[in-house]
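Each value in this text was obtained by applying a stated rule to the coordinates, not by laboratory testing. No experiment lies behind these values; they were computed from the predicted model shown. Positions of Cβ are backbone-derived with ideal geometry, glycine not excepted, and every protein chain shown enters the neighbour counts.
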Amino acid sequence: MIAGKQSAYEAIAHPVRRDILKTLQNGPSPVHRLTEQYSISQQAVSKHLRILNQCGLTRNDRRGQENIYYLNAAPLREVRDWLDDFWTDKLTSFKSLAEETYNEQ
Amino acid sequence: MSNNPLADITHDIFFDAPLDHAWKTLTDPDHVSQWFGCLQYTGKLGDVFYMQPNPELRGKGDIAGATYCEILKLDAPDHFVFSWYVPGTPKTEVSIRLQDVGEKRTKAMLVHSGWDQFPAEDVRHFWEQLANGWKSHVLPNLKAAAEAG
């Protein structure tokens with residue numbers, strides 16, 4: 001398993017990172033404003049942001065003195081399509097096996 | 001299909017086998033590993049089985065990176081429910097209900113629910129990660145097996 005895949009699970013699991021993701025759902029935010037929300041050091045917040053970036057959950061832009069983070073949004077549609085295919089395949093396998101084993105009786 | 005990414009995922013399928021046989025195929029440990037491809041399925045209420053998308057790890061029985069599924073309901077002869085989650089994230093739920101539709105035919109109805117527990121961005125990334133594994137490993141295998149058979 002590629003390390004990046006594991007780390008995305010870790011990213012979602014951590015409460016501060018989940019909270020940062022929720023905050024960024026309301027729009028992009030500079031690092032200093034995110035830091036103000038938590039009782040942890042800017043260094044710790046920066047570490048969380050770095051992990052979120054590495055997992056592809058967020059992106060950042062430097063605009064002058066500001067370092068602005070935003071969600072890396074992509075179409076949710078793709079995920080739904082994938083899940084639909086996944087369950088269609090599993091149910092088709094279930095159907096085939098049930099019919100085959102029944103006909104063999 | 002719904003446009004709302006947090007809505008339930010639903011699928012129905014009909015097949016030519018009676019209800020009791022469908023139930024056995026759906027829940028019997030020998031059969032479940034065949035159609036579902038999971039690890040450590042015991043067919044006992046409260047036990048956990050695992051969906052391992054990486055075929056190499058699956059071959060070794062290794063559950064690293066797998067999706068966890070706890071058996072929540074085994075109501076013979078028609079209702080099978082299990083949770084579906086990655087540890088540390090909210091548990092979604094998969095319900096498969098069977099219905100006798102006569103003439104030795106059975107309808108299976110799948111509902112995958114619980115997406116409203118996640119902020120939309122979390123759902124997307126949770127599934128993206130799972131999808132990457134399943135897309136690259138499972139679906140091509142299924143296609144190959146279907147075409148060969």
Worksheet item: Assuming R0 = 35 Å, what is the FRET efficiency of A:Glu66 and B:Lys91, from their Cβ-Cβ distance, to the nearest 0.05?
Response: 0.35
Worksheet item: Looking at this model, which pairs from A:Lys22/A:Lys90; B:Lys24/B:Lys60; B:Lys24/B:Lys73; B:Lys44/B:Lys104 are more than 24 angstrom apart at the alpha-carbon?
Response: A:Lys22/A:Lys90; B:Lys24/B:Lys60; B:Lys44/B:Lys104
Worksheet item: Taking the Cβ of B:Gly43 as the center, what net charge do the other residues with Cβ under 12 Å away carry, scoring Lys and Arg +1 and Asp and Glu -1?
Response: -1
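Counting Lys and Arg as +1 and Asp and Glu as -1, what is the net charge of the other residues whose Cβ lies under 9 Å from the Cβ of A:Tyr70?
Details: positive: A:Arg59; negative: A:Asp61.
Here the count lands on 0.
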Worksheet entry | Environment charge at B:Val81 (Cβ cut-off 11 Å; Lys +1, Arg +1, Asp -1, Glu -1) | -1
